[in-house]
Amino acid sequence: MKESGKTYRIELEPVGRRTEIKAGSSLLEAAQNAGVDLLSICGGVGTCYGCRVRLASGKLSAPTLEEETGLEGEDLALGYRLACQAIPLGDVKIDIPPESLTTPQRLQVEGQAIEIDLDPPVMAVDINIPPPAIDDLRSDITRLKTVFHDRGLSEPTIKFPLLTTFSESLRAMSWKARLAVRENEIINLLPVDKDSLPSHLYGLAVDIGTTKLAAYLVDLTTGETVAKTGAMNPQIGYGEDVVSRILYCNEHADGRKVLQARVVDSINQMAKGLCDEIKITPQHIVEAVVVGNTAMHHLFAGFPVHQLGTSPYVPSVSDPFELRAHDIGLNLAPGAYVYLPPNIAGYVGADHVAMILATGIGSTDRTALALDIGTNTEIGLAYKGRILCCSCASGPAFEGAHIQDGMRAAPGAIERVQIIDGGIRTHTIGNRPPVGICGSGILDAVSELIANGAIDSRGNLLSQHPLVRTNNGKRDVQLTPAEKTGHGREIVVNRQDINEIQLAKGAIRTGIEILLEDAGIKPEDLEQFIIAGAFGTYLDLNSAIRVGMFPSLPMGRYQQVGNAAGTGARQMLMSNRLRRKAVEISQRVEYVELTTHPSFNDQFMKAIMF
């Protein structure tokens, strides 16, 4: 029975929606109230087990008989529940697995095409080993080494994970196999295909963003990206930004292991899905390259992060690093390695190195600026052989967080806003009835309100403007009336939303201006302005310029390139030469710490104005 009067706040991650429900309502009702489509084929009676969610914080009612029947005991211990059965007993945050959503969120995996000379770290060696006989009792490894010796190849080594299956695999393949060899170490052996053509070797490139993950499956024989996918970073349930996640690790003895396990598990699921798509197994993946900002890099590898959360914010590891996939629970080939490119400084990590590599600003003669917009925005400036970089705490506003009706880029999110003849027009992802507004939509809305005189230079909504309303002493602008939304509540933009955009765009513009200042040039000197990242792909350039996030330059100088960090990761997956180039780039980059820069306060105060 629902209690009258009392309400609870429910946060639904990783879709970034928040709602309030009456006490006694279920998590499924909360999701429906927030416009989040959970699988519920049975209509909410607990028999289809499709609406599985995980409790991240807060308290729920005791598991029902349906949950004890439909969920494993281990899952219950980890906090998994059926949304239709679980009743919040206060404010709660839940984490929704991708398989519990009816429609996958839009995730940015597109990037530039790659044309490079292949020089992968793992090469294929085809073998045909004479089987043992009563008069030839040499061990399997000795027989293999003899084949290598007879062919004039260096003696191979095999480490423990592969040794446990080597003999069985060799016999199952009738002594004919394709070996994946990495610097004389055998990573895996694969069977010969039915058409007598040897199996291809594959690599996995992963970009771990603070909010999103992107993964690419690459054929190391041809260089072709054969499959790609995206997912939300499951660590969001432990904090929307890197500082919150570092704090979680500091406050929980097993924090690092928990966050590492969560992201590794997601990557395993993504790798499995990519392999299923082209009908191979993860055993075919013989190498991986993983990039991310310094905090994501450390949490993935299991390195300490405490020192990243306190001044002067130094990484534990900045050099390129290799680890065995097996050692962190990544389910690839038995001997597969994971290559982590170098970090730079502070929160500027391997993803920025990958972006510089992919965009080419590390070797350009032009004056070029490239930025990867996200919860943390990294900016690089190339000028006369120098590369300057910085990191901006732009926050999660462009992911729809901290916005009253904000959400991430999922079906039903308002992604475009226009004001035409005094009326507001919106467009949603998937042409669904609106249920919230994502980053590109809120940026458009603020830009259009500025252009139509509804917002002043300080970000205040002007009461005399016909689109501005006053409700309970607070001003807002209605984007969509309740009768036209997907959840029966109006969608608005208020002063707090505008302030969040001011802070985010102000942080980015401050970073741009300080790098230009340190290089001794002005915005108009920029010959190329490259915008990377998921949000950067979908934002409207005119809106970004109008709010002051970007300088006013000729449109021909702007270029939106998609996931450049993912592109750089793929390049390093396929080329040892480009790995060496990435190291050289990292050593050339001059890191600028914004918070201690003498111009920071003045630049930021100017940058938050419209």
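Quick look at the values:
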{"item": "Counted residues, segment 438-479 - those being assigned to a loop (DSSP other than H, G, I, E, B), under 13 Å from residue 502 (Cα atoms) and touching a Lys or Arg at 6+ places or on another chain (Cβ under 8 Å)", "result": "2"}
{"item": "Selected residue (only one of 541, 516, 526 is in contact (Cβ under 8 Å) with a residue 12 or more places away in the chain and under 27 Å from the mean Cα position of the chain (by Cα))", "result": "541"}
{"item": "The listed residue being modelled with pLDDT of 95 or more and either more than 21 Å from residue 241 (Cβ to Cβ) or among the hydroxyl-bearing types (Ser, Thr, Tyr) (or both), out of 387, 429", "result": "387"}
{"item": "Selection within segment 311-330 - surrounded by fewer than 15 Cβ atoms within 10 Å (Cβ to Cβ) and either without any contact (Cβ under 8 Å) to a residue 24 or more places away in the chain or not aliphatic (A, V, I, L, M) (or both)", "result": "311, 312, 319, 322, 327, 329"}
{"item": "Any hit, segment 122-139, residues being under 30 Å from residue 374 (Cβ atoms), touching a residue at least 40 places away in the same chain (Cβ under 8 Å) and small (Gly, Ala, Ser)", "result": "no"}
{"item": "Residues that are surrounded by fewer than 20 Cβ atoms within 10 Å (Cβ to Cβ) and in contact with an Asp or Glu (Cβ under 6 Å, 6 or more places away or on another chain), drawn from segment 26-59", "result": "54, 56, 58"}
{"item": "Members of segment 578-610 that are touching a residue at least 12 places away in the same chain (Cβ under 8 Å), assigned to a loop (DSSP other than H, G, I, E, B) and either of a type in the set (Gly, Ala, Ser) or closer than 20 Å to residue 345 by Cβ (or both)", "result": "592, 593, 597, 599"}
{"item": "Members of segment 10-25 found to be more than 27 Å from residue 266 (Cα to Cα) and either in contact with a strand residue (DSSP E or B) (Cβ under 8 Å, 6 or more places away or on another chain) or buried (at least 20 other Cβ atoms within 10 Å of the Cβ) (or both), listed by number", "result": "20, 21, 22, 23, 25"}
{"item": "Any chance residue 537 is among the hydroxyl-bearing types (Ser, Thr, Tyr), surrounded by fewer than 21 Cβ atoms within 10 Å (Cβ to Cβ), assigned by TED's automatic domain parsing to the domain that holds residue 360 and assigned to a helix (DSSP H, G or I)", "result": "yes"}
{"item": "Among the residues listed as 261, 214, 253, 205, the single one being outside the structural domain of residue 562 (by TED's automatic domain parsing), surrounded by fewer than 15 Cβ atoms within 10 Å (Cβ to Cβ), among the small types (Gly, Ala, Ser) and closer than 30 Å to residue 392 by Cα", "result": "253"}
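The values are calculated or read from the model by the stated rules, or taken from the named source; none is laboratory data. A quick note: this is a predicted structure, and the numbers were derived from the prediction, not measured. For neighbour counting, all protein chains shown are included, and Cβ atoms are generated from backbone atoms with ideal geometry for every residue, glycine included.
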